[in-house]
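Chemist: The structure's right below; bear with me while I get my questions together.
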Amino acid sequence: MMAAHPPKPADARGFTEDGIARYLADTESIDDLVAGGYLAGHDGRLIAQQLRAPQLRRAITHSVCHTVQPDVDNFYQEDGEPDADWQQRRARTVRDHCTVCPVRAACAELALRGGLTPEKLTRRLVAETTRLERARALDGRTAEARRARIAAGAELQRLSGQYLGTSGKPEKRLENIENIREAARRRDELVAAYRRAAGWTVAA
């Protein structure tokens, strides 16, 4: 696998192309992947396949389209427009924007566009249906986990407010303290699981 600089030596997941792509996606920030040229071309496609939707959306902020804002209608054929005219207009946009974009692989993965012709897009959808479905399922689980972390934090806040508002029996306050501790433990477990999945170290 060609890359702007070699992967860190600690773990390259067996040194297969997919393994190295997964390793880089797991260990490098989006900004570093963009700066290293890892989200363009063949290598970029392999790495982009390992990224989740929020990471891909972050990558798009580095795109040519985000900076220059070309007319995205050039990607689509207008009603009654001759095929040759549209293909020429589209090819010009792809040449001027997509081919020089540092994150075109992330765009192709997220939007399934990124300069792909309709024929290539159709072939890709057919060939990668299973992988794309799996990626969408992982994105859904990521969103569910985020909602769980938010709910756990809100519950801890609610119980803390309830404790501060308690002026009754001491045993009630002790019960509230235990509830707060349990809510804090649950929140911390969810946050720790998220940090592990995102590649955070204990010190971070």
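The values are calculated or read from the model by the stated rules, or taken from the named source; none is laboratory data. For clarity, every value in this text was computed on a predicted model and none was experimentally measured. Heads up, the Cβs are rebuilt from the backbone with ideal geometry, glycines too, and the neighbour counts pull from every protein chain shown. These area figures cover heavy atoms from the full protein model, side chains too; ligands, DNA and RNA do not enter into them. Shrake-Rupley method; radii C 1.70, N 1.55, O 1.52, S 1.80 Å.
Chemist: Could you check how much of the accessible area of segment 20-119 is carbon and sulfur, as a whole percent, using a 1.4 Å probe?
Modeler: The C+S portion of the solvent-accessible surface of segment 20-119 is 50 percent.
Chemist: Just the ratio, please: alpha-carbon radius of gyration of segment 66-108 over 2.2 N^0.38 Å, N its number of residues.
Modeler: Compactness ratio reported: 1.23.
Chemist: Using a 1.4 angstrom probe, figure out how much accessible area segment 25-97 has per residue, in square angstrom, rounded to the nearest whole.
Modeler: Here the residues of segment 25-97 average 55 Å² of exposed surface.
Chemist: Put +1 on the Cβ of every Lys and Arg and -1 on every Asp and Glu Cβ in segment 9-108; which of P54, A105, W86 then has its Cα farthest towards the positive end of the dipole?
Modeler: P54
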